[in-house]
Amino acid sequence: LDLTGKIGTWDLDFAAGYTEVDLDLTGIGYVSASNLQEALDSTTNPYIVGGHNTPTVLNFVAPQLTTTDTSKLAFGHVGLTNSNLVTLRGGSLGFAVGADYFDRKQHTVAPQQVADGFITDFSNNFTVGTQQVASGYAEFDATLFKQLEVNLAGRYDHYNLSGGKFSPKVGVRCAPSDIVFGHAPLEYDLNLFARRNSRCDLGWNDDLPVGREFTGEVGDLHVR
């Protein structure tokens, strides 16, 4: 399900879904070591090596293996966006907010004889569990001046298995001009360079294990 629309000046985005996959596995002709030994030791209906054996004995020695692997996923998303929440001197203030959620379930087990180690060469996968993730985010995008844009954003993700984490983001984008660099010879050359490349991008990464990183780019000049 995917829906989009408007609520006043806000753009609405909504999505939800559910999927389930069932995989049936069947194994024929896999000999069970424990059943074979029991049949060889039987005094009433033994397994005869190289001889004629009844279907009952053969099915006991090599039982049919069956299992079903199941995977389920439920998810949802809702978001609101307003590209012109407030009019600023340089342009507009945009704002977006939203939330996401998904629930994943996996159930995959091997047949008992395989899990107990009496039958090999058949799928012995064991995956049973649930993962649930709830997320929320918000973002501001402001054109403060014609030459300056600022972006502030944050996202929080909560995992049922490992807890939560907040991820902030700060971005600055500027377009150099004569007002910034003046007309001194050295500044004039830099101004020409900036005009030719017409941008500089700055970013801040708070996601590093030690310290923080501030990066800048003016045309083909990189600063870190």
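The values are calculated or read from the model by the stated rules, or taken from the named source; none is laboratory data. Worth saying up front: this structure is predicted, and the values here are computed from it rather than measured. Cβ coordinates were reconstructed from backbone atoms using ideal geometry, including for glycine residues, and neighbour counts include every protein chain displayed. All accessible areas refer to the heavy atoms of the entire protein, side chains included, with ligands and DNA or RNA removed. Shrake-Rupley method; radii C 1.70, N 1.55, O 1.52, S 1.80 Å.
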Exercise. When you count, for each residue, the other Cβ atoms within 10 Å and take the mean per peptide, how do 45-58, 109-122 rank with the highest first?
Worked result: 109-122, 45-58
Seminar exercise, completed: The answer for the net charge of residues other than Ser123 whose Cβ lies under 13 angstrom from its Cβ, with Lys and Arg +1 and Asp and Glu -1, is -3
Exercise. Under 26 Å from the Cα of Lys169, which lysines turn up, not counting those fewer than eight places away in the same chain?
Worked result: Lys146
Problem set entry | Whole-percent carbon and sulfur share, accessible surface of the range 1-48, 1.4 Å | 59
Problem set entry | Virtual paramagnetic centre 7 Å along Cα→Cβ of Lys105, amide N under 15 Å, in the range 132-149 | 132-133
For this session: Compare the Cα positions of Leu144, Asn125, Gly154 along the charge dipole of the range 105-170 (+1 at Cβ of Lys, Arg; -1 at Cβ of Asp, Glu; about the Cα centre) and return the one farthest towards the positive end.
Result: Leu144
For this session: Note down the net charge around Asp69, summing +1 for each Lys or Arg and -1 for each Asp or Glu among other residues with Cβ under 15 Å from its Cβ.
Result: 0
Exercise. What net charge do the residues around Gly5 carry, taking every other residue with its C-beta under 15 Å from that of Gly5, with Lys and Arg at +1 and Asp and Glu at -1?
Worked result: -2
